[in-house]
Amino acid sequence: IRIGVLISGSGTNLQAILDGCREGRIPGRVAVVISDRADAYGLERARRAGVDALHMDPAAYPSRTAFDAALAERLQAYGVDLVCLAGYMRLVRGPMLTAFPNRILNIHPSLLPAFPGLEAQRQALEHGVKVAGCTVHFVTAGVDEGPIILQAAVPVLEGDTVEDLRRRILAEEHRIYPEAIRLFAEGRLVIEGRRVRILDRAE
Ligand code: GRF
C-alpha cells in the first residue's frame, strides 16, 4: 500500500514507519510526508529516506475546511491508500474523512478512552494512574475517539516526570504503530461498530 504521513514535529513515529517499510515489517511504502509546520524535523527525516516531504501552510487557505480539502487532494494525487497521523497537531475535518473513509489512523499517547486531547501524559500523571500507555485508532470526526486497533501499557513509576513517562510511552508507540499499519496493509482490520476485529493470518 501507499502511505501518506501527516506530521507537525519531530517525527519519531514517522521514523518508525519509514524503518518498518524499509525492513519489510510493513508491506508498503511511504509515498509522501506532509507537515503543517515548515520547521518540523520530520520533513528532514523523510527527505533523508528519499521520500517527498511537503510543507502545506494552513494560513494560506481561507478556512480549515479548505485546507483539509487541499490536503486530501494532494494525498490523492500521490495515490495514497492510507493516511497516518504521526504527531499531527490539527483536527482532521470533513473533506479528509470523506476522501479517506476508515483509511486514517492516529497514535495517541494514552490508553484511550482515558485522557484524550492535548498533553495526555501530563493528564495521566496528574490523575495518578499507575498504568499509562498508547493507542492506535481509526480517525473519526470526534477527537481521539475512533475504533481502537492496538494498545500498549507501561507502568507509571514513583517519581516519574512528564518527560520520563513521555519517553517510556514513546518507545511503545514506535512498536505498535508499525504493527497496526501492517495489520491494515494485510487487510486484517474489520470495523464492527465501535470495535475493530483483528483477523488471524489464516482467515
Ligand atoms: C507522540 O507522542 C504521539 O503519540 C502524539 O504526538 C507525539 C508525536 O511524536 N500524537 P513524534 O513527532 O512522532 O516524535
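The values are calculated or read from the model by the stated rules, or taken from the named source; none is laboratory data. Quantities reported herein were computed from a predicted structural model and do not represent experimental measurements. Note: ideal-geometry Cβ built from the backbone for every residue, glycine included; neighbour counts use all protein chains shown.
For the condition within 13 Å of the ligand (Cβ to nearest atom), of a type in the set (A, V, I, L, M, F, W, C) and buried (at least 21 other Cβ atoms within 10 Å of the Cβ), what is the one hit in 7, 34? Let's see the steps before the verdict.
Working: 34 fails: within 13 Å of the ligand (Cβ to nearest atom).
Only one candidate qualifies: 7.
Working only within region 128-143, note down all residues that are buried (at least 18 other Cβ atoms within 10 Å of the Cβ) and within 12 Å of the ligand (Cβ to nearest atom).
132, 133, 134, 135, 136, 137, 139
Per the listing 129, 143, the residue uniquely modelled with pLDDT of 95 or more, of a type outside the set (S, T, N, Q) and part of a loop (DSSP other than H, G, I, E, B) is 129.
Every condition in (1) more than 16 Å from the ligand (Cβ to nearest atom); (2) assigned to a loop (DSSP other than H, G, I, E, B) is met by residue 59 except one, and the failing one is (2).
When you look at residue 24, is it among the small types (Gly, Ala, Ser) and more than 26 Å from residue 166 (Cβ to Cβ), yes or no? Spell out how you get there, then give the answer.
Values: among the small types (Gly, Ala, Ser): yes; more than 26 Å from residue 166 (Cβ to Cβ): yes.
When the stated conditions are applied, residue 24 passes them.
Scanning region 111-122 for residues that are within 11 Å of the ligand (Cβ to nearest atom), closer than 21 Å to residue 159 by Cβ and among the hydrophobic types (A, V, I, L, M, F, W, C) gives a single hit, 120.
The rows are residues; the columns are (1) within 30 Å of residue 55 (Cβ to Cβ); (2) within 13 Å of the chain's Cα centre (by Cα); (3) within 15 Å of the ligand (Cβ to nearest atom).
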position: 93; (1), (2), (3): yes, no, no
position: 99; (1), (2), (3): yes, no, no
position: 109; (1), (2), (3): yes, yes, yes
position: 126; (1), (2), (3): no, no, no
position: 147; (1), (2), (3): no, no, no
position: 166; (1), (2), (3): yes, no, yes
position: 175; (1), (2), (3): yes, yes, yes
position: 192; (1), (2), (3): no, no, no
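Among the residues of region 75-116, those that are loosely packed, with under 15 Cβ neighbours inside 10 Å and not in a loop (DSSP other than H, G, I, E, B) comprise 76, 77, 94, 98.
Pairing each residue of region 91-118 that is under 19 Å from residue 78 (Cβ atoms) and among the aromatic types (Phe, Trp, Tyr) with any residue that is part of a loop (DSSP other than H, G, I, E, B) and at pLDDT 95 or above, provided the two are 6+ apart or on different chains, yields C-beta distances under 9 Å for 100/80; 100/81; 100/139.
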